[in-house]
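Each remark here refers to the structure printed beneath this line.
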Protein chains: 2
Amino acid sequence: MIYDIAIVGGGPAGLAAALNARRRNLQTVVIGKEEFSSKLTQAHRIDNYPGLPSITGEELARKLRTHAETNGMVFVRDEIQNIYPEEDLFNLYGREHHFQAKTIILATGITLGAEIEGEADFVGRGVSYCATCDGMFFRQKPVAMVGYIREAEAEVRFLAEVCSQVYYLPLYKNPGPVDPRVTLIEGKPVAISGNGQVERFSTTAGTWEVSGVFIERAGRPASQLMDDLAIDEEKFIITDGMQATSIPGIFAAGDCTGKPWQISRAVGQGQVAALSAVRYLDVLSKRQKV
Amino acid sequence: MIYDIAIVGGGPAGLAAALNARRRNLQTVVIGKEEFSSKLTQAHRIDNYPGLPSITGEELARKLRTHAETNGMVFVRDEIQNIYPEEDLFNLYGREHHFQAKTIILATGITLGAEIEGEADFVGRGVSYCATCDGMFFRQKPVAMVGYIREAEAEVRFLAEVCSQVYYLPLYKNPGPVDPRVTLIEGKPVAISGNGQVERFSTTAGTWEVSGVFIERAGRPASQLMDDLAIDEEKFIITDGMQATSIPGIFAAGDCTGKPWQISRAVGQGQVAALSAVRYLDVLSKRQKV
């Protein structure tokens with residue numbers, strides 16, 4: 001099916017956008033990498049979301065999700081890797097699904113965990129953000145996985161099937177048990193290096209010879225999703241007051257549009273983005289009728 | 001006392017700004033014309049404030065107010081008439097009080113009720129927005145009062161003491177009893193006219209000879225509060241992404257900054273404005289130490 005609106009990101013901005021979109025009765029899908037935003041659920045106590053004093057991040061995440069779901073939002077767990085325009089619609093390619101939508105709201109949040117030295121230089125030359133997508137390129141080769149979120153564990157399991165050696169660096173609290181073929185490593189990420197291709201991964205605890213480094217974060221820079229999307233010097237998506245980006249039909253809201261990072265700001269921007277998407281769809285349908 | 005932040009307007013934007021300001025422990029006063037925003041409390045049901053599904057406007061207004069008050073916000077009922085800068089602070093003149101603050105957040109909402117024909121031409125020449133301020137100029141003269149909100153009733157009572165004749169046109173539901181010296185009139189406002197000074201007020205039901213016309217709305221154009229405040233062609237306050245206005249130290253948030261009018265957007269902008277005010281105060285205090 002072709003959705004009216006595909007919302008990339010299931011945090012406060014994405015869920016608030018979905019609520020408004022559904023209240024306008026649009027076919028709306030929210031595509032979230034995590035069931036609930038880990039950035040939100042990790043907050044023990046939030047006291048500045050107006051109207052809901054002293055709430056845990058998890059409670060607030062559930063309230064926002066339930067509110068949107070009660071209004072008919074569809075939530076799909078996946079991570080969008082690329083977006084390609086095609087005439088009057090957009091193709092969104094996830095790890096597992098392919099979506100089509102007339103308009104898109106990017107609400108991808110921010111990438112937790114600073115960029116690792118060398119990371120940007122080796123993207124596509126050994127650095128990857130999706131093991132299920134790119135793992136086969138590293139068949140019978142040694143790789144490292146840097147996991148900022150628990151979701152990395154499933155990816156590590158897949159790599160263990162395919163690669164000759166898997167070094168896993170979990171950077172979240174209480175990591176679960178890993179496949180016996182996986183070697184847990186320690187320290188903080190320091191650098192990814194090599195000569196044209198990735199050859200080494202170093203942490204504060206040591207250096208490992210690898211052909212690939214997989215990085216699993218809560219978000220990925222939205223700028224990587226699409227060519228031509230205007231971003232500022234800090235890699236945040238540039239939007240106007242109506243949350244329009246440089247690409248007609250694509251809107252953005254929340255932390256991925258820059259500071260200050262406030263839940264209420266993300267929520268407000270998400271709802272404005274949805275109204276802008278509605279207006280864009282109106283123009284689109286009139287044009288198609290001519 | 002000199003407040004750190006004076007917030008003009010007690011709707012969602014103002015209360016959200018106050019919450020953030022108080023969480024930074026700043027001396028914060030919210031100056032509201034109404035105890036609760038009538039625009040908000042008149043909403044029977046609000047279903048798009050994320051996290052609080054299907055709530056009445058009155059409930060939401062109380063939740064926002066309580067949340068800010070629990071954090072130590074001071075609320076004063078008054079209507080600011082003018083703002084004058086003075087070195088590193090601002091003077092805010094209300095009907096009843098004079099406030100001083102280092103920084104200001106304008107969250108005055110929108111003016112309900114379209115401008116009456118002739119209204120703008122006769123401001124200061126018979127048209128006034130404050131009976132308690134200007135009533136004495138019309139001693140022993142006939143005046144009309146146009147009341148868009150119940151708060152007008154107290155003002156009418158004051159005019160009855162002072163003026164030779166008071167015609168009152170209430171434009172809200174179920175007006176209360178008025179002073180026996182006041183003549184209730186009917187219809188919808190049509191025009192204010194005269195030769196240099198106000199001489200006549202007309203509604204769809206008739207024309208009355210008056211020397212003054214008082215107008216009581218939920219809000220008044222923020223552009224009238226201060227010279228030099230940059231506004232757009234629709235008279236909304238121009239702000240940047242951090243809610244800064246054209247005047248350093250003055251920020252604006254919510255409906256007074258233009259469309260789209262969404263509670264969540266007003267709330268988010270209010271909280272961003274408070275953060276900007278905090279930053280401005282930091283710079284101010286460093287400068288004063290030098």
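The values are calculated or read from the model by the stated rules, or taken from the named source; none is laboratory data. Treat the numbers as computed from the prediction; the structure is a model and nothing was measured. Counting neighbours? That spans all protein chains shown, and the Cβs are built from the backbone with ideal geometry, glycine included. These area figures cover heavy atoms from the full protein model, side chains too; ligands, DNA and RNA do not enter into them. Shrake-Rupley method; radii C 1.70, N 1.55, O 1.52, S 1.80 Å.
Observations on the model:
- If the condition is being open to solvent by less than 20 Å² (accessible area, probe 1.4 Å), in a helix (DSSP H, G or I) and touching a residue at least 40 places away in the same chain (Cβ under 8 Å), then region B:229-277 contributes B:254, B:256, B:264, B:266, B:267, B:268, B:270, B:271, B:273, B:274, B:277.
- Just one of (1) in a loop (DSSP other than H, G, I, E, B); (2) more than 25 Å from the chain's Cα centre (by Cα); (3) in contact (Cβ under 8 Å) with a residue 60 or more places away in the chain fails for residue B:179. It is (3).
- Residues in region A:163-176 that are loosely packed, with under 14 Cβ neighbours inside 10 Å and in contact (Cβ under 8 Å) with a residue 24 or more places away in the chain were compared, and the one that is nearest to the chain's Cα centre (by Cα) is A:176.
- Within this structure, residue A:238 fails the test of being farther than 30 Å from residue A:139 by Cβ, among the hydrophobic types (A, V, I, L, M, F, W, C) and touching a Pro at 6+ places or on another chain (Cβ under 8 Å).
- Residues located in region A:53-64, provided they are on the phi < 0 side of the Ramachandran plot and either open to solvent by 20 Å² or more (accessible area, probe 1.4 Å) or of a type in the set (Asp, Glu) (or both): A:53, A:56, A:58, A:59, A:62, A:63
- Beta carbons closer than 8 Å, at least 6 apart along the sequence or on distinct chains, pair a first residue in region A:1-14 that is closer than 16 Å to residue A:26 by Cα with a second that is among the charged types (D, E, K, R) for A:2/A:102; A:3/A:102; A:4/A:102; A:5/A:102.
- The criterion of at least 1 residues that are away from chain B (no Cβ under 14 Å) and of a type in the set (Lys, Arg) is met by the following helices (runs of 4 or more DSSP H) wholly inside region A:1-117: A:38-41.
- Residues of region B:125-161 that are assigned to a helix (DSSP H, G or I), closer than 16 Å to residue B:176 by Cβ and under 17 Å from the mean Cα position of the chain (by Cα): B:152, B:153, B:154, B:155.
- Any hit, region A:15-36, residues being touching a Pro at 6+ places or on another chain (Cβ under 6 Å) and crowded, with 19+ Cβ neighbours inside 10 Å: yes
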